[in-house]
1. Let me spell it out: the conditions are (1) at pLDDT 95 or above; (2) part of a helix (DSSP H, G or I); (3) over 25 Å from A:Ile51 (Cβ atoms), and B:Met55 meets all of them except one. Which number is the exception?
2. List pairs: first in the range A:37-63 and under 26 Å from B:Leu15 (Cβ atoms), second assigned to a helix (DSSP H, G or I) and open to solvent by 40 Å² or more (accessible area, probe 1.4 Å), Cβ under 6 Å, 6+ apart or cross-chain?
3. Within the range A:47-70, how many residues turn out to be in contact with a Ser or Thr (Cβ under 8 Å, 6 or more places away or on another chain) and outside any loop (DSSP other than H, G, I, E, B)?
4. So which residues in the range B:162-179 are within 18 Å of B:Pro119 (Cα to Cα), aliphatic (A, V, I, L, M) and open to solvent by 20 Å² or more (accessible area, probe 1.4 Å)?
5. Can you tell me which condition A:Lys35 does not meet? The list is (1) surrounded by 18 or more Cβ atoms within 10 Å (Cβ to Cβ); (2) of a type in the set (D, E, K, R); (3) more than 9 Å from chain B (Cβ to nearest Cβ), and all the others hold.
6. Among the residues of the range B:1-29, count how many are open to solvent by 10 Å² or more (accessible area, probe 1.4 Å), within 12 Å of another protein chain (Cβ to nearest Cβ) and assigned to a helix (DSSP H, G or I).
7. Counting only residues that are at pLDDT below 95 and part of a strand (DSSP E or B), how many does the range B:68-122 have?
8. Name the pairs: first residue in the range B:58-70 and under 15 Å from B:Asp196 (Cα atoms), second residue in a loop (DSSP other than H, G, I, E, B) and open to solvent by 10 Å² or more (accessible area, probe 1.4 Å), Cβ to Cβ under 8 Å, at least 6 apart or on different chains?
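The values are calculated or read from the model by the stated rules, or taken from the named source; none is laboratory data. Just so it is clear, the model here is predicted, and its values are computed rather than measured. Here the Cβ positions follow ideal geometry from the backbone for every residue, glycine too, while neighbour counts run over all protein chains shown. For accessibility, only protein heavy atoms count, side chains too; no ligands or nucleic acids. Shrake-Rupley method; radii C 1.70, N 1.55, O 1.52, S 1.80 Å.
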Amino acid sequence: MNQQEALDKVVSILKPFVKNTDALASVAMETSILKDLKVNSARLVDVVLEIEDTFGIEVKDEDADKVKTVGDAVKLILANQ
Amino acid sequence: MAAAEDLVGNDVVDLDDPDIASSHLRDRFVERVCDPAERARVRSASDPKVLLWTMFAAKEAAYKVLVKLGCAPGFAHRRLGVAADLRSVRFEGVRLRLWIDRRVDGAVHAVASTGARAPLSDVRRVAFTTGGPRADAGVAARRLACVRVARSVGRPAAALAIERAPLEESWDGFGPPVLLCDGRPCPGADVSLSHDGRFVAFAAAIVPEIARRTGASATRSSSRAAPRSPRGSAAWRGGARSRPRGHAAGLRAARSR
């Protein structure tokens with residue numbers, strides 16, 4: 001899986017949880033999941049679980065804590081492939 | 001009234017948000033949020049959904065205090081232990097007092113504090129729906145806090161404001177909210193804001209000196225607004241990672257309990 005494929009999948013995972021849907025139109029690696037997309041903090045747990053299910057990986061608490069941007073999620077996924 | 005140097009955190013959850021309707025039925029969600037003892041309590045609860053989200057709100061509220069103390073646990077809800085009686089939250093050596101407010105139908109509001117006395121707090125339903133304008137929710141939470149604190153300290157609400165200074169490393173680019181009186185920070189005061197779905201909420205610790213300085217009768221007002229302790233019955237991320245100045249006493253007090 002390349003970076004673009006991972007990015008597309010991460011965006012599709014985030015989409016149901018995004019409050020600021022306008023920001024989805026210009027989503028990029030540096031887009032902040034909480035600040036820009038306004039994903040609710042409670043929904044972050046769902047996002048982490050969806051990432052685990054979609055990519056068949058385990059996201060440890062300490063790794064999840066480092067994910068602030070869409071790109072951080074992409075890098076985490078690629079590093080665990 | 002909360003004592004000087006008390007630090008507060010709060011979190012409100014809209015229990016009717018359809019997005020959380022089945023979270024309590026999903027084992028992996030519960031395992032991600034709760035420690036083993038908490039999971040057992042959720043399984044045996046008469047209303048597992050309410051208990052799960054009450055504990056979630058409690059952990060989020062405690063997290064906000066821990067950030068202010070400089071010992072935030074990161075993305076690790078299950079490392080914060082909520083007591084079975086819902087009166088405290090523990091993280092490593094720190095114990096925070098907890099108050100759960102269920103006065104408003106459809107909402108659970110958790111308030112955590114380094115202090116022993118109930119902070120001033122309130123939760124209100126506002127006129128936008130789940131998924132509505134987030135900026136309006138932030139404004140509504142600030143307005144609620146300013147009106148209630150102003151009533152507590154005997155000042156016009158217009159004299160108060162709540163601001164968040166830019167903070168690069170925080171989850172949303174801003175540090176914890178700061179209460180301003182006549183444009184200046186109120187020393188010893190601490191405030192926390194939250195909104196979720198249809199609800200906005202705040203918690204505030206106001207030192208008695210502020211009330212005295214402004215000629216207020218703070219105790220009278222705050223006693224009405226203090227959240228009730230439960231009987232039988234939450235911006236997870238970021239914030240300041242460095243310990244704010246002046247909060248060493250709060251940390252010592254929290255560790256000593």
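1. (3)
2. A:Lys38/B:Arg134; A:Leu49/B:Arg28
3. 2
4. B:Val178
5. If we test A:Lys35 against (1) surrounded by 18 or more Cβ atoms within 10 Å (Cβ to Cβ); (2) of a type in the set (D, E, K, R); (3) more than 9 Å from chain B (Cβ to nearest Cβ), just (3) comes out false.
6. 4
7. Total meeting the criteria: 0.
8. Qualifying pairs under 8 Å: B:Glu60/B:Ala235.
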